[in-house]
Amino acid sequence: MPLAIPLSKACLICSGTRAVALTDRSRFDMPVGYVVCTGCGLVHRAPPLTPGEAARIYSSGFYADENAPDKSQARNYEKLVRDRDPIDPARLEFIGRHLDLNRPGTVLEIGCGVGSLLGRLHERGWQAWGIEPDPGMCAFVRGRWEDIEIVQGTVEAVELPSGQYDLVMMLHVFEHLLDPVAALHRVGSALKPNGLLFIEVPNILDMWTVHRRWYDGFDFTHVYNFSRKTLDNMLQLGGFEVVGARATHVLKVVARRRPGPAPRFAREDCRNVVRRIRVFRIKHLIRRITKNAVSFISRLLLGPKAFESAKGHYRALKQRLGLYR
């Protein structure tokens, strides 16, 4: 394993102070690195995201623009809703294994974005609330679903009512939080005694299968990146017990508020992350070489114009199938 370097601050899970460097750049070729704690395997952003940087990113529309598959679709919120059509039913099916969604209740989504999943629950009769820092997305959700109450802000800044919700959701939000343990304690207080928390985050051990370059899996806005084990440990620190999980290129977890055992970790957790990333780097190198060779041969056989047309149709098909995330 590579030599360890000092962490800028103690690890949230194990209080470790040493880490192994994984990369010195992130998605969009940003000069942001990521390291993995040698004690527990939690992946940290290096340098850490500051509160000022987070406020600038999430309140300006920048995040919605950068995550649009096509820049002509930037801030096309209706398009973002349609892009979730192949994804949201699977999320509801997973939640429905642990909570009766046909019996209306109260739901809060933290970082609700364009509100696609929140809107589906609202259409089933659920009372829905959302928290979202981006003012453009807040305005869109208010205009599309008049009865959904949206508060502009963050989970750290918005006051949450005590014992209000049957379900709290965080979809690709938890990895952006500066202090996820503190957020979990706040969410736990807002849930009813039998309420559930649904979290979906990228899987650090299987995230590069959907990206063109291996380091694209490191979004520079992610404060932490999780494996199933580190996500479970973080939830335990926040007073939650996992009752259901599914792991693919994303981790879906349903948890309830109940103090569980203390987190368990070992140095092997770090070694596992380092080994897996090495495999993905090699895999993507082979994929890039193969893809370039196929593109070169196809361009020779079809001609430049026909090749570009075929590539455009292929991208459109991937969008319709929901293969862009």
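The values are calculated or read from the model by the stated rules, or taken from the named source; none is laboratory data. Worth saying up front: this structure is predicted, and the values here are computed from it rather than measured. Backbone-built Cβ (ideal geometry, glycine too); neighbour counts: all protein chains shown. Protein only, heavy atoms only, side chains kept; ligands, DNA and RNA dropped before computing areas. Shrake-Rupley method; radii C 1.70, N 1.55, O 1.52, S 1.80 Å.
Hey, any hits in the range 162-182 for a residue that's out of contact with any strand residue (DSSP E or B) (no Cβ under 8 Å at 6 or more places or on another chain), assigned to a helix (DSSP H, G or I), aliphatic (A, V, I, L, M) and at pLDDT 95 or above? Taking every residue of the range 162-182 in turn, at least one turns out to be out of contact with any strand residue (DSSP E or B) (no Cβ under 8 Å at 6 or more places or on another chain), assigned to a helix (DSSP H, G or I), aliphatic (A, V, I, L, M) and at pLDDT 95 or above.
Taking the stated definitions as given, is ARG264 closer than 17 Å to VAL43 by Cα and charged (D, E, K, R)?
Values: closer than 17 Å to VAL43 by Cα: yes; charged (D, E, K, R): yes.
Judged against the criteria, ARG264 is a match.
Taken over the range 107-131, the criterion of being open to solvent by 10 Å² or more (accessible area, probe 1.4 Å) and more than 22 Å from PRO86 (Cβ to Cβ) is satisfied by GLY125, GLN127, TRP129.
Is it true that ALA68 is part of a helix (DSSP H, G or I) and modelled with pLDDT under 95? Explain how you work it out, then say what you get.
Values: part of a helix (DSSP H, G or I): no; modelled with pLDDT under 95: yes.
Answer is no for this residue.
Checked against (1) open to solvent by less than 100 Å² (accessible area, probe 1.4 Å); (2) aromatic (Phe, Trp, Tyr); (3) at pLDDT below 85; (4) part of a helix (DSSP H, G or I), PHE296 passes all but condition (1). Of all residues in the range 71-122, those satisfying the criterion of being at pLDDT 85 or above, assigned to a loop (DSSP other than H, G, I, E, B) and under 16 Å from ASP134 (Cα atoms) are GLY111, CYS112, GLY113, VAL114, GLY115.
Is it the case that ALA19 is among the aliphatic types (A, V, I, L, M) and closer than 17 Å to PHE226 by Cα?
yes
Within the range 132-172, the set of residues being open to solvent by less than 20 Å² (accessible area, probe 1.4 Å) and within 16 Å of the chain's Cα centre (by Cα) comprises GLU132, VAL155, VAL168, MET169, MET170. Of all the residues in the range 217-264, those that are in a strand (DSSP E or B) and open to solvent by less than 20 Å² (accessible area, probe 1.4 Å) number 10.
Here ARG276 meets the list (1) part of a helix (DSSP H, G or I); (2) within 21 Å of HIS185 (Cβ to Cβ); (3) among the basic types (Lys, Arg) almost entirely, failing just condition (2).
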